[in-house]
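For reference, the structure discussed in these notes is given below.
The values are calculated or read from the model by the stated rules, or taken from the named source; none is laboratory data. Note that the structure is a prediction, hence the values are computed from the model and not measured. Quick reminder, even Gly has a Cβ in these numbers, built from the backbone with ideal geometry, and neighbours come from all protein chains shown.
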Amino acid sequence: MDFEILCLYQEDFLAGRISPSELRIQLQGFRIPRKFSFDGEFLDVLLDIDTLPRERQNHPCVRSEERKDMDILRQYLEAFDREVLEGRRRSEIQREGSCFVLDVEHTVVGALWYYLEQGKRGIDLYVDRLYIDPLHRGKSYGELLTREVIAREKNHCQGVALFTPEHVIPFYKKLGFREEACFQDKEIGNKKFSCMYKKL
């Protein structure tokens, strides 16, 4: 886990936005950086996590996209469009945005594309696409990627918004999103989508 992200968790912990038990759940399985300097109370919680190894070979890392990722990201965009939108939307971002990838042992296994936009509530982060390679699903990678992108951008926006197919609604509710509206897209076989929002 990036040192920067651990610092953000410490900030939330010291501000009372996350409890020690929630912190232990979030950090299960991640390594503590070799060089670290944290508040004593926060460090006590870190060291109390029995399964938190000092080093871990398959440690997942969230980072910004790089030129070397372009081929796999293009494949993920096309796969997302096939799986979710039945190929209706072009496999390219329609507005200027950013992409973060989840890297495990120098292999990109997932990506999240998003952009910031001014709205009635202020500046919101809009999740455009979230895709995890089918071979790596069921490992909470989507949750990790979403949480860390939000953590990195939370100082720049009021909330997070997205559209999601009906079967993915429970995933986002687990992350604290609420449904604001739903609609059926006639162009995609009347598939039901929901507008979801999370205030930061």
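Taking region 179-199 on its own, how many of its residues are without any contact (Cβ under 8 Å) to a residue 24 or more places away in the chain and within 20 Å of Asp12 (Cβ to Cβ)?
So the first thing to find is which residues in region 179-199 are without any contact (Cβ under 8 Å) to a residue 24 or more places away in the chain, and the list is 179-186, 190.
When the remaining residues are screened for being within 20 Å of Asp12 (Cβ to Cβ), the result is none.
Qualifying residue count, region 179-199: 0.
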Report task. Looking only at region 131-153, decide whether some residue is assigned to a strand (DSSP E or B) and either farther than 21 Å from Leu6 by Cα or without any contact (Cβ under 8 Å) to a residue 24 or more places away in the chain (or both). Result -> yes
Report task. Would you confirm whether any residue within region 20-41 is of a type in the set (Gly, Ala, Ser), modelled with pLDDT of 75 or more, more than 19 Å from the chain's Cα centre (by Cα) and not assigned by TED's automatic domain parsing to the domain that holds Glu117? Result -> yes
Requested in this report: Go through region 88-136 and give me each residue that's over 30 Å from Lys199 (Cβ atoms), of a type in the set (A, V, I, L, M, F, W, C) and at pLDDT 95 or above.
Outcome: Val108
Query raised in the report: If you check Val149 against the conditions, is it at pLDDT 95 or above and assigned by TED's automatic domain parsing to the domain that holds Asp81?
Result: no
